[in-house]
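Derivation of every value follows stated rules applied to the coordinates shown; laboratory data play no part. What you see is a predicted model, and the numbers here were worked out from it, not measured in a lab. We place every Cβ from the backbone using ideal geometry, glycine too, and count neighbours over all the protein chains shown.
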Amino acid sequence: MSRTIIISNRLPVKISRTAEGELSFRPSEGGLATGLGSIYKEGDNLWIGWPGIHFQDEEEESFVKKELLKENMLPVDLTTEEIKLYYEGFSNETLWPTFHYFNQYALYKKSYWQSYERVNQKFCDAVLAVANPDDTIWVHDYQLLLLPDLIRDKLPHVSIGFFLHIPFPSFEVFRLLPWRRQLLDGVLGADLIGFHTYDDMRHFLSAVSRICFLSNHHGQITKDGRIVEIDAFPMGIDYDKYARSSAAPETLSREVKYRTSLGEVKLMLSIDRLDYSKGIAARLQIFDLFLEKYPQYQGKVSLLMVVVPSRDSVDKYKDLKEEVDLLVGRVNGKYGSVNWTPIHYFYRSFPLEDLSAFYRIADVALVTPMRDGMNLVCKEFVASKLDQKGVLILSEMAGASKELSEAIIVNPNDKHQVRDAIKKALEMSEDEQVKHMEIMQATLKKFNIHHWVELFMQRLDEVNQKQLKMNTK
Ligand code: GDG
C-alpha cells in the first residue's frame with residue numbers, strides 16, 4: 001500500500017527531560033505540524049526528522065523510537081557535532097543569511113558543507129529504510145536541499161515534492177555560494193518544487209537557467225527526461241484555531257488582566273523569533289523616531305515586543321540580543337515616566353492563550369521584517385481580530401505582503417515612511433479598519449493551511465500523472 005512520508009529537519013514534537021531524568025513528549029503547535037497533521041497521522045504515513053534531543057544510551061533511543069512510532073514519527077539521531085556543523089553551521093550560518101539577503105554574514109566553510117552533505121545522506125538512509133517506490137515523499141526546507149536528488153538516485157520513480165519555507169534569493173546573491181550547483185541539482189531531484197511567492201519561484205528558475213543551463217516553459221523544466229514543476233504555494237494558517245482561541249474564556253480573562261495593567265494607552269504589538277532578518281533593531285529605532293517626531297503620542301502609546309529566543313549559540317544572534325537589549329533600554333530611559341513604559345519587552349515565549357490576548361488587545365501590529373519567506377504572525381493577528389478592529393503595518397519584504405495588500409505596506413529600510421505609517425495606523429477611523437480587516441480575513445479564511453496542503457498534494461499528483469503519460473508515450 002502506498003503512503004505519504006513527510007521529512008523535515010525537526011519532528012513536530014517537543015521532547016524534554018524532567019528534573020528526575022524522565023522524558024516528556026509534547027506535540028509541536030507550529031503551523032506546519034497542524035497542517036500536515038491530517039496527513040502524517042493517517043494509517044501508515046510517517047514524519048521523519050530530528051527529535052531535538054541527544055539520546056543518553058541505546059536503551060533510551062529505542063524507548064523514544066517506540067513512543068514516536070506510536071504517533072507515526074521516525075527519529076533521525078544527530079550527533080552534537082552534526083548539530084554544530086550541519087544545523088548551526090551550514091543551515092544557519094551559510095544558507096539562512098544568504099537566502100535572506102544578509103550574505104555579508106554568510107560563512108563558507110568546507111567543514112560545514114561536508115557535514116551538510118553527510119546529514120542529508122543520513123536523512124536519505126532513514127527514508128530508504130522505510131520507503132517504497134509507490135510512496136509519496138514531501139521534503140521540507142533549506143536544511144534538506146540535497147535530499148530530493150539523493151532519494152531519486154535510489155528510487156528513480158518515487159513521487160517527491162519539495163517546499164522551501166524561506167525566500168529564494170535573486171541569482172546575483174545565490175551565485176555567491178560555492179556549492180550553488182550541488183544545491184540546485186539536489187532540489188531538482190523533486191517532481192514539484194514549491195515556494196511561498198511568485199518572486200521566489202522566478203529567482204529559482206533564473207538560478208537554474210544560469211547555473212544548470214536548464215530553461216523552463218511556464219515553470220516546467222525537463223531534466224534527464226524527467227518533468228520538474230516549479231510554482232508558488234503561499235502557506236496559510238489554521239484560521240479557525242486562531243479565531244477560536246481568540247474567543248476562548250481563558251484568552252478573554254488574560255486580556256482583561258493585561259488591559260487593566262497597561263492602562264488607557266494604545267498598543268502596538270510585535271512578535272518574532274530573535275533573528276536579524278526580522279528587523280527588530282530597526283523597528284526599535286523607528287519607534288524612537290516616532291516618539292521624537294510626534295511627542296503628542298508620548299504617554300499615549302506603548303509597544304509590546306515579544307522576542308522568542310532562537311539560535312542563541314550562534315554568534316550573530318548573541319550580538320543581536322545585546323543590540324536589542326540596549327535599544328529597548330535606551331528608548332525606555334529616554335521617554336519613559338513613572339506611569340508610562342514605552343516598550344514592554346519580553347525575551348521568552350508565551351502559551352497560545354497569552355499570544356491570543358496580545359493579538360486581541362493590540363491596536364496595531366507592527367510586522368516589519370527585512371526579509372521573510374511568508375510571516376505567519378501577521379496572519380494570526382488578522383484571524384484573531386473578531387471585532388475586525390485593528391491595523392496591520394506590514395513590510396513589503398514579507399511574503400505575506402503579496403496576499404495582504406489591505407495592510408499598510410511599508411519598506412522597513414525607509415524609517416521615516418514606517419514612522420509615519422504608525423501615525424496613520426493609530427489615527428485610522430474604525431470604519432476604515434473594519435473595511436480592510438474584512439477583506440484580509442476573507443482571504444486568510446479561504447487560503448488556510450488545509451487548503452495549502454491539499455493544493456500542494458493535488459499538484460504533486462498531477463505532475464506524476466503527466467510524467468507517467470510521458471513515459472508511456
Ligand atoms: C519560517 C519562515 C514562514 C512566536 N512566538 C510565540 C509563538 N510564535 C509562533 C507564531 C508563528 C510562529 O511562531 C512564527 O512563524 P513565522 O512565520 O513568523 O516565522 P519563522 O519561525 O521564521 O518561520 C517564515 C514560516 O517558516 C512558515 O513557512 O512564514 O517566513 O521564516 O506561528 O505564532 N507561539 C507561541 N508562543 C510564542 O511566544 N505559542
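If you take the beta carbon distance between Val256 and Leu107 as r and set R0 to 45 Å, what does 1/(1 + (r/R0)^6) give as a FRET efficiency, to the nearest 0.05?
Numbers: r = 48 Å, r/R0 = 1.07.
Between Val256 and Leu107 the formula returns 0.40.
Calculate the FRET efficiency for Leu468 and Lys402 from the Cβ-Cβ distance with a Förster distance of 35 Å, rounded to the nearest 0.05. Intermediate values should be presented prior to the final figure.
Numbers: r = 33 Å, r/R0 = 0.95.
Between Leu468 and Lys402 the formula returns 0.60.
Across region 252-295, the residues whose backbone nitrogen lies under 18 Å from the label position 7 Å along the beta-carbon direction of Glu88 are 274-276. In the structure shown, the pairs Lys66/Lys379; Lys110/Lys278; Lys266/Lys424; Lys402/Lys466; Lys14/Lys66 are assessed against 25 Å; a Cα-Cα span above that value is assigned to Lys66/Lys379; Lys110/Lys278; Lys402/Lys466. The orientation-averaged projected area of the convex hull spanned by the Cα atoms of region 352-405 comes to 3.6 nm². Counting other Cβ atoms within 10 Å as a rough exposure proxy, the listed residues His436, His100, His451 run His451, His436, His100 from fewest neighbours to most.
How much mean residue ellipticity at 222 nm does the chain get from its helices, if each DSSP H run of length 4 or more adds -39500 (n - 2.57) and you divide by all residues, to the nearest 500 deg cm²/dmol? It would help to have the intermediate numbers written out before the result.
Details: 17 runs with 210 residues, N = 473.
Calculated mean residue ellipticity at 222 nm is -14000 deg cm²/dmol.
Mind checking the angle between helix 198-211 and the chain's longest principal axis? C-alpha axes, 0 to 90 degrees, to the nearest 10. The two axes meet at around 40 degrees.
Distances between placed amide hydrogens fall under 5 Å for Trp47 paired with Ile6, Met73, Leu74, all partners being 5 or more residues away or on another chain. How far is helix 430-446 tilted off the main Cα axis of the chain, in degrees rounded to 10, range 0 to 90? Value to nearest ten degrees: 10. Relative to the longest principal axis of the Cα atoms of the chain, helix 110-128 runs at roughly 70 degrees. Cross-link reach is defined here as a Cα-Cα straight distance under 15 Å, omitting same-chain residues fewer than 8 places apart; for Lys300 the aspartates and glutamates meeting it are Glu264, Asp288, Glu292, Asp363, Glu427.
Semi-axes of the equivalent ellipsoid for region 1-90, computed as √(5λ) from the eigenvalues of its C-alpha gyration tensor and ordered from largest down, come to 22, 16, 13 Å. The length gained by stretching the chain between Lys318 and Glu20 to full extension, at 0.36 nm per residue less their Cα-Cα distance, is 104.2 nm. For the chain, place one equal point scatterer on every Cα, skip the solvent, and apply the Debye formula. What is log10 of I(q)/I(0) at q = 0.06, 0.09, 0.14 Å⁻¹? So the normalised log intensities work out to -0.28, -0.64, -1.45.
Listed by chain and number, the aspartates and glutamates placed with their C-alpha closer than 13 angstrom to that of Lys70 are Glu42, Asp44; residues fewer than eight positions away on the same chain are left out.
What does the charge count around Lys122 come to, taking other residues whose C-beta lies under 13 Å from its C-beta (Lys +1, Arg +1, Asp -1, Glu -1)? Intermediate results must be reported in sequence, preceding the final value.
Numbers: positive: Arg118; negative: Asp77, Glu81, Glu82, Glu117, Asp125.
Summing Lys/Arg as +1 and Asp/Glu as -1 gives -4.
If each residue's Cβ is checked for other Cβ atoms within 10 Å, how do Asp200, Asp461 rank with the fewest at the top?
Numbers: Asp200 23, Asp461 15.
Fewest to most other Cβ atoms nearby, the residues stand as Asp461, Asp200.
What ranking do Ser159, Ser28 get, fewest neighbouring Cβ atoms within 10 angstrom at the top?
Numbers: Ser159 22, Ser28 15.
Least crowded to most crowded, the residues run Ser28, Ser159.
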